[in-house]
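This report concerns only the one structure given below.
The values are calculated or read from the model by the stated rules, or taken from the named source; none is laboratory data. All figures in this text were calculated on a predicted structure; none of them were measured in a lab. All Cβ positions, even for glycine, are placed from backbone atoms using ideal geometry, and neighbour counts span all protein chains on display. Heavy atoms of the whole protein, side chains included, go into the accessibility calculation; ligands, DNA and RNA do not. Shrake-Rupley method; radii C 1.70, N 1.55, O 1.52, S 1.80 Å.
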Amino acid sequence: MSALRAGNYEPIYLLYGEEPYYIDQISDYIQANALDEASQAFDLLIVYGKDTPDIRPIIESARQFPMMGNRQVILVKEAQNIKDWSAFEPYVSQPMPSTILCLCYKHGKPDMRLKAFKAAAEKFVAFESKPLYDDRIAPWITNYVRSHNAEIDFTAATLLAEYLGNDLQRIVNE
């Protein structure tokens, strides 16, 4: 996040893991800040893996030049539903410098034995979002509330953690 806040964007982001909260935080930040508002209408593409079982059309879009600005953003949400990743390997070896491709692979881990995922993890940004253990939920709630300029008693945070479990998105909503 510090690199993103500094405006340093990589061509490929591979976000994966069991905890979807952090994946959503990073992808939402890229979506909101990588392009200015005028360019978002033309240079932002959001694709859902369940609608596109093959990566080829996404890679074809990633190889195009931006229409309005100096870069385009392609967010692939629910990337775990994509079945055919064969076209991803050639793109990883030569990504388009004007494209930010963000793959959001939730509730699991991509097969890192595939050359494409292995190369993406080595050359670009790969972030594994691990779930928090139950004993770390209450301190996380306390820190989250403090980050929003409020206070919460540790007992209240513990009760909230016991009631809501370790689903961070649900905790944030509450």
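At 0.36 nm per residue, minus the direct Cα-Cα distance, what do Asp134 and Gln64 gain on full extension? Give it in nm, one decimal, please.
In short, 20.7 nm is gained.
If you split all Cα-Cα distances of region 91-167 into 10 Å bins from zero, what percentages do you get per bin, shortest first?
Cα pair-distance distribution for region 91-167, in percent: 15, 32, 20, 22, 11, 0.
Would you mind checking the pairs Lys50/Lys130; Lys77/Lys109; Lys50/Lys109; Lys77/Lys106; Lys77/Lys123 and listing those with alpha carbons more than 19 angstrom apart?
Lys50/Lys130; Lys77/Lys123
Using θ = phi - 60° and the Karplus relation 6.51 cos²θ - 1.76 cosθ + 1.60, list the HN-Hα couplings for region 89-99 in order, rounded to whole Hz, with x at every Gly or Pro.
4, x, 5, 5, 6, 9, x, 6, x, 8, 10
Report the FRET efficiency, 1/(1 + (r/R0)^6), for Ser93 and Ala38, where r is their Cβ-Cβ distance and R0 is 41 Å, rounded to 0.05.
That gives a FRET efficiency of 0.80.
Rounded, prolate or oblate for the chain? Axes are the square roots of the Cα gyration tensor eigenvalues, ordered a ≥ b ≥ c, and the cut-off for rounded is a/c under 1.5.
In terms of gyration-tensor shape, prolate.
Carbon-plus-sulfur fraction of the accessible area of region 97-174, 1.4 Å probe, in percent?
51 percent
For the chain, build the charge dipole from Cβ charges (+1 Lys, Arg; -1 Asp, Glu) around the Cα centre, then report which of Phe124, Tyr48, Pro95 sits farthest towards its positive end.
About the Cα centre, the residue reaching furthest to the positive side is Pro95.
Work out, step by step, the length gained on full extension between Ala6 and Ala150: first 0.36 nm times the residue separation, then minus their alpha carbon distance; give nm to one decimal.
That pair, Ala6 and Ala150, stretches by 49.2 nm at full extension.
Quick one: work out the % antiparallel among DSSP beta bridges in the chain, nearest 5.
Of the beta bridges lying entirely in the chain, close to 5 percent run antiparallel.
Averaged per residue, what accessible surface does region 35-90 expose to a 1.4 Å probe, in Å²?
I get 57 Å² per residue for region 35-90.
Could you give the dipole magnitude of the chain about its Cα centre, charging the beta-carbon of Lys and Arg +1 and that of Asp and Glu -1, in debye to the nearest 20?
Approximately 620 debye in magnitude.
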